[in-house]
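**Q** Supplied in structure tokens, the structure appears directly below.
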Amino acid sequence: MELSVSDLAVSLGNRRVLDHITAAFRPGRVTAILGANGSGKSTLVKTLAGLLDADAGHVKLGTRPIARIEPRERARLIGYLPQDPIVHWNLAVRDLVALGRLPHRSPFAGASQADAMAIGAALAATDAHHLADRGADQLSGGERARVLLARVLAGEPQWLLADEPLASLDPVHQLGLLDQLRALAADGMGVVIVLHDLIQAARAADDVLLLKQGEVVAFGPAAEALAHQPLREAFGVEVMIVPDEQGRLLPVPIGRTK
């Protein structure tokens, strides 16, 4: 099912943060949302997840408005990883990841074999299996980021929405996570991630949505959205487009526009 927005407008307080946003995100693809600080990236992801109400326009999953999907069902369909997730309880990592299975359980029901398999798969996918018995308060920032992503993946959502999931990771785990997101998309999941790095977006994303001051600058295949003119408009930078070893076109920033 597509996750789509049509003529979307969102305000925070008295400030209009997003305006006239129209885009259709497709399952089986990785879509990166990029833009300068304050361009509305996090607000858009929260609205896609059903956590913020729109002033105007629609957010739909398939043909169903997000606002009309019961929260428990929505939690099974859409997994959301915020920019700065907080761990409120000092649980063992395995138990923390198990919280991602709650939307799939009946009230007061114990863990099933399917739950155990999903938790194990999520820990393996995020290279966090060796952390399973460690307390959440014993994790580094990067380890905590991987564990909280595992919690989302344990829910086996159809859509993964992640706000800057690479921010706390070292380069090796950044590359590993991007590979994992592409693998999830290849298996049919829809993946929408907020990124800051143009080269990472070019390597990982099938599609790119560029925002500037709450409006769409470009939306489409990564090679088209990450071209000279859209990046000038969105970021005020000049780029040099170079191919990598696999032939993907990478935009390398070389200076500010004059």
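Throughout, read-outs are computed from the coordinates displayed, never taken from laboratory work. Because the structure is predicted, anything quoted here is derived from the model rather than measured. A quick note on method: Cβ atoms are made from the backbone with ideal geometry, for glycine too, and the neighbour counts reach across all protein chains shown.
**Q** State the number of residues belonging to region 216-258 that are assigned to a loop (DSSP other than H, G, I, E, B) and exposed (fewer than 12 other Cβ atoms within 10 Å of the Cβ). Steps first, answer last, please.
**A** The initial filter retains those residues of region 216-258 that are assigned to a loop (DSSP other than H, G, I, E, B), namely 226-227, 236, 244-248, 257-258.
Next, from what is left, pick out any that are exposed (fewer than 12 other Cβ atoms within 10 Å of the Cβ): 244-247, 257-258.
Number satisfying all stated conditions: 6.
**Q** What number of residues within region 10-55 are surrounded by fewer than 17 Cβ atoms within 10 Å (Cβ to Cβ) and among the small types (G, A, S)?
**A** Here the count works out to 5.
**Q** Oh, and also: Might you let me know whether region 162-171 holds any residue that is part of a helix (DSSP H, G or I) and aliphatic (A, V, I, L, M)? Show your work before the answer.
**A** Residues of region 162-171 part of a helix (DSSP H, G or I): 171.
Retained after the next criterion (residues that are aliphatic (A, V, I, L, M)): none.
Checked against the condition, which is being part of a helix (DSSP H, G or I) and aliphatic (A, V, I, L, M), region 162-171 yields no hits at all.
**Q** Got at least one residue in region 126-144 being in a loop (DSSP other than H, G, I, E, B) and under 17 Å from I193 (Cα atoms)? Talk me through it step by step, then tell me what you get.
**A** Narrowing region 126-144 to residues in a loop (DSSP other than H, G, I, E, B): 126-128, 132-134, 139-140.
Next cut, under 17 Å from I193 (Cα atoms) only: 126.
Checking region 126-144: at least one residue is in a loop (DSSP other than H, G, I, E, B) and under 17 Å from I193 (Cα atoms).
**Q** Need a quick list: strands (runs of 3 or more DSSP E) entirely within region 1-105 having at least 3 residues that are farther than 25 Å from A132 by Cβ and of a type outside the set (D, E, K, R).
**A** Working: elements: 3-12, 15-25, 30-35, 56-61, 78-81.
So the answer is 3-12, 15-25, 30-35, 56-61.
**Q** Also, I was wondering about something else. Using the structure shown, decide if L77 is within 18 Å of T43 (Cβ to Cβ), touching a residue at least 60 places away in the same chain (Cβ under 8 Å) and surrounded by 12 or more Cβ atoms within 10 Å (Cβ to Cβ). Spell out how you get there, then give the answer.
**A** Values: within 18 Å of T43 (Cβ to Cβ): no; touching a residue at least 60 places away in the same chain (Cβ under 8 Å): yes; surrounded by 12 or more Cβ atoms within 10 Å (Cβ to Cβ): yes.
No: the conditions fail for L77.
**Q** Considering only region 124-147, how many residues are buried (at least 20 other Cβ atoms within 10 Å of the Cβ), closer than 18 Å to N90 by Cα, touching a helix residue (DSSP H, G or I) at 6+ places or on another chain (Cβ under 8 Å) and among the hydrophobic types (A, V, I, L, M, F, W, C)?
**A** Taking region 124-147 first, the residues buried (at least 20 other Cβ atoms within 10 Å of the Cβ) are 125-126, 128, 131, 143-147.
Narrowing further to those that are closer than 18 Å to N90 by Cα: 128, 131, 143-147.
Subsequent filtering for residues that are touching a helix residue (DSSP H, G or I) at 6+ places or on another chain (Cβ under 8 Å) retains 128, 131, 143-144, 146-147.
This time we only want the ones that are among the hydrophobic types (A, V, I, L, M, F, W, C), so: 128, 131, 147.
Counting residues in region 124-147 that are buried (at least 20 other Cβ atoms within 10 Å of the Cβ), closer than 18 Å to N90 by Cα, touching a helix residue (DSSP H, G or I) at 6+ places or on another chain (Cβ under 8 Å) and among the hydrophobic types (A, V, I, L, M, F, W, C) gives 3.
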